[in-house]
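Notes to accompany the following structure.
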Amino acid sequence: MRRAGGPVAGRAEDAEDKGTARDGPGRQDTGGIVADVRTIDGTHGDGYEEARDFARLRAREFGYLDAGGHTYLDHTGAGLPPRSLVSGSAARITGALFGNPHSESPASRASGLLLSEARQAVLRHFRADPGEYAVIFTPNATGALRLVGEAYPFDRRSRLVMALDNHNSVNGLREYARARGAATAYVPVAGPALRLDEQRLEAALTTAGRGLLPGRARRRGLLAYPAQSNFTGVQHSLEWIARARERGYDVLLDAAAFVPTNTLDLSRFHPDFTVVSWYKVFGHPTGVGSLIARKEALARLRRPWFSGGTIYAVSAQAQWHVLASDEAAFEDGTVNFLSIPDVTAGLDWIDRIGVHRVHTHVAALTDRLLAGLGGLRHSDRSPLVRVYGPGAGEPDRGGTVALNVLGADGRVVDERIVTRDSAARGISLRTGCFCNPGAGEAAFALPLPRLRAAARTRPRSLEDYLELLHLPSAGAVRVSLGLSSRPEDVDTFLRFVEETYRDRTPGTTGLTARVGC
């Protein structure tokens, strides 16, 4: 992982020193959290003290995990809701009156005020200049991606350049590009760490689109890639944002897996579009994401429709409309006005803890996990697991670890077996392809001719597709760590793998068919 003081770790000021108690109707008080993440004298301690602080935080905010005997290892899938945010949300909603913000009533104005505060909180969190960036609230990161895809001015002279290591919600942009005649180019990953092949990326960004001479002054297209892989946890360089923009590309950054444990500084890096899902950062609320867009880039988008809340004026008979000139043009219908203020409270909460401290905490747990996995062996000294992506001690990796368990015969243990066995031990993790087929294809070294041949046969199910690809599994096992994780969670998983699979070759009888990726 990027360490504190690295290219994206930490702010100039210490965010946790900011107060977050709020007065007045509808405001949440998250004061008191700081007591859980500071040493007694109010200063940050050494590694031991740091671990003790996070242990206290877990007991206070996430005690339901231990009370229920849960080991939660799916933070890339979803963060966990802190008790104080949930109770604060309920107190806010039941302590004042809020109405549809598309009005001027007292209830509507109260909602509008909190929505404005939430936009400002998002900009502050990312150190984004309000003069440069706008915040659009969406149902999730996928909803933000759809807004860009449907409105981006693709044409036959432009290109969509994407990392092979992308979530399917980013992969789906290619359908918008294809429908408008734009070319699509995938940039492969390379090496054991499965990092972006930078030479191929440079070549993809240098290649001119159809009808476009190199160096001609026009937008070449869109580069879309993740700051952190949701499959392997590898962190792809943010320096490519400036390099792509210098070559005439807009840049869409998928930050959903990155921002829960890393600082994204938009005063230093300037992607045109950044997408996030807030439940991945602080667990509550679900159903709220954001598109943080440069206003200049936002003005180039052309929405294919309009809806309630997105227009200044409209006529049914004259069939004429004028879209709003700000973020309202992209927020279809009524936004989730009861939940969006929870984003403000969540950002206050995470900033008081300190994102850089969360980063350090998760980095230490990830190193512990990777070191432990490397030591798991069968009696004949053959490895018990195969890890995909950066190994222990490697830089630029997050708290997401993809692996396969290997039986005593050296073959991959079917991921459905691991799902069944881990659930029986009260362990929540993720198995499959994690909606990232490109990273999976690279991890399993699937050649393009075989993939094309399998696609030509039009398999009727995922099971048929796997058989055509000669794959022993539908993907991998993903263990992902977060703010509420503790060393005991890592040790529980390592002990589970060793006790369940060492010197064994599990059978596959009784497993249900896979229904999708």
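The values are calculated or read from the model by the stated rules, or taken from the named source; none is laboratory data. What you are looking at is a predicted structure, and each value in this text was computed from that prediction instead of being measured. Because the Cβ atoms are built from the backbone with ideal geometry, glycine has one as well, and the counts that use them run over all protein chains shown.
Couple of notes before you dig in:
- Within the set Gly426, Gly475, Gly398, the sole residue that is within 18 Å of Gln228 (Cα to Cα) and small (Gly, Ala, Ser) turns out to be Gly398.
- When Ala402, Ala363 are checked against the criterion of being within 20 Å of Ala256 (Cβ to Cβ), surrounded by fewer than 24 Cβ atoms within 10 Å (Cβ to Cβ) and modelled with pLDDT of 95 or more, a single residue qualifies: Ala363.
- Hits in the range 336-360 (condition: under 20 Å from Ser108 (Cβ atoms) and either touching a helix residue (DSSP H, G or I) at 6+ places or on another chain (Cβ under 7 Å) or at pLDDT 95 or above (or both)): Phe337, Leu338, Ser339, Ile340, Pro341, Asp342, Val343, Thr344
- Here Leu160, Leu222 are screened, and the one residue that is modelled with pLDDT of 95 or more and within 22 Å of Glu441 (Cα to Cα) is Leu160.
- Subset of the range 381-405 that is more than 28 Å from the chain's Cα centre (by Cα) and in contact (Cβ under 8 Å) with a residue 12 or more places away in the chain - its residue that is nearest to Thr505 (Cα to Cα): Leu384
- Figure legend. Inter-residue proximity from the range 157-181: first residues over 20 Å from Val276 (Cα atoms) and part of a loop (DSSP other than H, G, I, E, B), second residues modelled with pLDDT under 95 and among the small types (Gly, Ala, Ser), beta-carbon distance below 6 Å, spacing 6+ or different chains. Indicated pairs: Arg157/Gly209; Arg157/Gly211; Ser158/Gly209.
- Among the candidates Val385, Val322, Val335, the residue that is β-branched (Val, Ile, Thr), in contact with a Leu (Cβ under 8 Å, 6 or more places away or on another chain) and farther than 26 Å from Ser480 by Cβ is uniquely Val335.
- Candidates in the range 456-506 are the residues that are polar (S, T, N, Q) and within 13 Å of Leu73 (Cα to Cα); of these, the one that is surrounded by the most Cβ atoms within 10 Å (Cβ to Cβ) is Ser480.
- When residues in the range 100-126 are screened for being part of a loop (DSSP other than H, G, I, E, B) and crowded, with 17+ Cβ neighbours inside 10 Å, 2 of them pass.
- In the range 73-85, the residues that are at pLDDT 95 or above and among the charged types (D, E, K, R) reach residues that are surrounded by fewer than 23 Cβ atoms within 10 Å (Cβ to Cβ) and part of a loop (DSSP other than H, G, I, E, B) with C-beta atoms within less than 9 angstrom, at least six apart or across chains, in these pairs: Asp74/Leu429; Arg83/Phe62.
- Residue within the range 136-145 that is in contact (Cβ under 8 Å) with a residue 24 or more places away in the chain, in a helix (DSSP H, G or I) and of a type outside the set (Gly, Ala, Ser) present: yes
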